[in-house]
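The values are calculated or read from the model by the stated rules, or taken from the named source; none is laboratory data. Here the structure is a predicted model, which means the values were calculated and not measured. All Cβ positions, even for glycine, are placed from backbone atoms using ideal geometry, and neighbour counts span all protein chains on display. The accessibility values were calculated without ligands, DNA or RNA, using every heavy atom of the protein model including side chains. Shrake-Rupley method; radii C 1.70, N 1.55, O 1.52, S 1.80 Å.
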Amino acid sequence: MRVLVVGPGGREHALVRTLLRSPQAPEVLCAPGNAGIRRDAGALEAPADDPAALARAAREAGIDLVVVGPEAPLVAGLADALAAEGVRCFGPVAAAARLEGSKAFAKEIMEAAGVPTGAHRVVRTVAEGMAAITGYPAVIKADGLAAGKGVVIAQDEGEARAGLADMLEARRFGDHPVVVEEFLEGDEISLLALCDGRRAVPLAPARDYKRIGDGDTGPNTGGMGCFSPVPEAEAIVERVIATVHQPVVDELVRRGTPFHGVLYAGLMVAPDGDVKVLEFNTRFGDPETQVVLPRLRSDLLALLLAATEPGGLEGAAPEWDPRAAVCVVLASRGYPASSSSGDVISGLDRLPAGAEVFHAGTAERDGEVVTAGGRVLGVTALGDDRAAARTAAYAAADMIEFPGSQRREDIAR
């Protein structure tokens, strides 16, 4: 069994490590990978940003299953290209990946499926956007892909106008409309589900930390840390699957674009227990994957293969390690506005037992691991409870150094 993991980040490193634990003993390759992934897996030298070329290379290499990590290749049609080459893929076709590729489309699907979400309006000018705001804080979202950074939570008219101008006039995230929606209060939860085109099977809930600074201050990022499980979420998993994930899967079947892959719901749980969807992603989360998969006791490869087969995931019930997992992200100088590359990373060879590092923005230069992006590493540890896991994760993170390194100090506090 030859498995190809597509993507360059920490999520993909966690996928590689988990697939290598499978009792089926697969050969795991990556495209393009990073310094850490390439030490664990082989490499398929093919352009990861060219769906047709990557699909041809996968067929020629005899790949049995492709697992797509990032959203951009899915939105660009990598699953479609692989199907055309006769290569099995765990990931949605482009028409279904629009759930993440377009916030407006996701809202349309939620309305059609009766999925609870915030009140919203799609706008195309700054004037329309300002007219759509009924109070502050107000949420302004770029419609297209924005690497987790296309959201402004405006506290006043000035911030709202600046955010709308940045997205609609400066076109920071491309030529897309903007979704203006109500601000929802409560506790955020990420609930990922494996989907086989007809049904959704939940993974363990997680909670991530989007903003760069302690206390949820500063701009949004792709995620600065995460923990799992989330005790208060365990009791609502089945309800969320029934009212959020399954209706979306059913609606996409009705539209002729069955969803195969991970359907990730970012949720807001209000103090009264009311649940609304903040956003959908159509792939494994990052950094959620770095805490969810280390807790998975079931064979991930068997689950992913089942999701692509006629029998699907019927009867599937993933088993979990009862321990808690905490991941602390180490980012490079300037992130998220910019990033620093080429800085030598030290300490990776002296991690304490029970902790592991997932490489994200790294490369190898002259035998040394160096920074090569914004989020550089994810340091994950397991513990008997969240406090123990948190202590272990930060102890391991303390061992790693590179110039300009930054992290949050309140992950899982």
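Whole-Hz Karplus values for the stretch 103-118 come out as 4, 5, 5, 4, 5, 4, 5, 4, 4, 5, 8, x, 8, x, 8, x Hz, taken residue by residue from phi with 6.51 cos²θ - 1.76 cosθ + 1.60 and θ = phi - 60°; glycine and proline positions read x. Of the residues LEU304, LEU330, LEU348, the one that moves most in a GNM of the chain with alpha-carbon contacts below 10 Å is LEU348. Solvent-accessible surface of the chain, averaged per residue with a 1.4 angstrom probe and all protein chains in place: 38 square angstrom. Evaluating 6.51 cos²θ - 1.76 cosθ + 1.60 at θ = phi - 60° for every residue in the stretch 53-61, the Karplus couplings come out as 5, 5, 5, 5, 5, 5, 5, 5, 8 Hz, glycine and proline recorded as x. Using +1 at the Cβ of each Lys and Arg and -1 at the Cβ of each Asp and Glu in the chain, identify which of ALA147, ALA204, LEU301 lies farthest towards the dipole's positive end. Positive-end residue among those listed: LEU301.
What value, in deg cm²/dmol to 500, does the helix sum -39500 (n - 2.57) over DSSP H runs of n ≥ 4 give at 222 nm once divided by the residues of the chain? Display every interim value, and only then the final one.
Values: 15 runs with 116 residues, N = 413.
Computed ellipticity for the chain at 222 nm equals -7500 deg cm²/dmol.
Kirkwood hydrodynamic radius computed over the stretch 1-116 comes to 14.6 Å, based on all pairs of distinct alpha carbons. Electrostatic bookkeeping for SER341 treats Lys and Arg as +1 and Asp and Glu as -1; over the other residues with beta carbon under 11 Å from its beta carbon, the sum is +1. Highest GNM mean-square fluctuation among ALA25, ALA104, ALA397, for the chain modelled with Cα contacts below 10 Å: ALA25. The value of relative contact order for the chain, using C-alpha pairs under 8 Å at least six residues apart, is 16 percent. Can you tell which of GLU364, GLU60, GLU100 shows the greatest fluctuation in a Gaussian network model of the chain with Cα springs below 10 Å? Sorting by GNM fluctuation, first place goes to GLU60.
Would you mind getting me the FRET efficiency between THR134 and ALA302? Use the beta-carbon distance for r and R0 = 51 Å, nearest 0.05. Show your work: numbers first, answer last.
Values: r = 49 Å, r/R0 = 0.95.
About 0.55, to the nearest 0.05.
Got a number for carbon plus sulfur as a percent of the chain's accessible area, 1.4 Å probe?
Working: 7760 of 15830 Å².
It is 49 percent, rounded to a whole number.
Once both labels are positioned 7 Å from their Cα atoms along Cα-to-Cβ, the gap between ALA387 and GLU234 label points is 1.8 nm.
Between GLU188 and ALA316, the contour length at 0.36 nm per residue exceeds the alpha carbon distance by 43.5 nm.
For the stretch 122-221, trypsin sites (Lys or Arg not before Pro) meeting the loop criterion (DSSP other than H, G, I, E, B) and having at most 12 other Cβ atoms within 10 Å: ARG124, ARG171.
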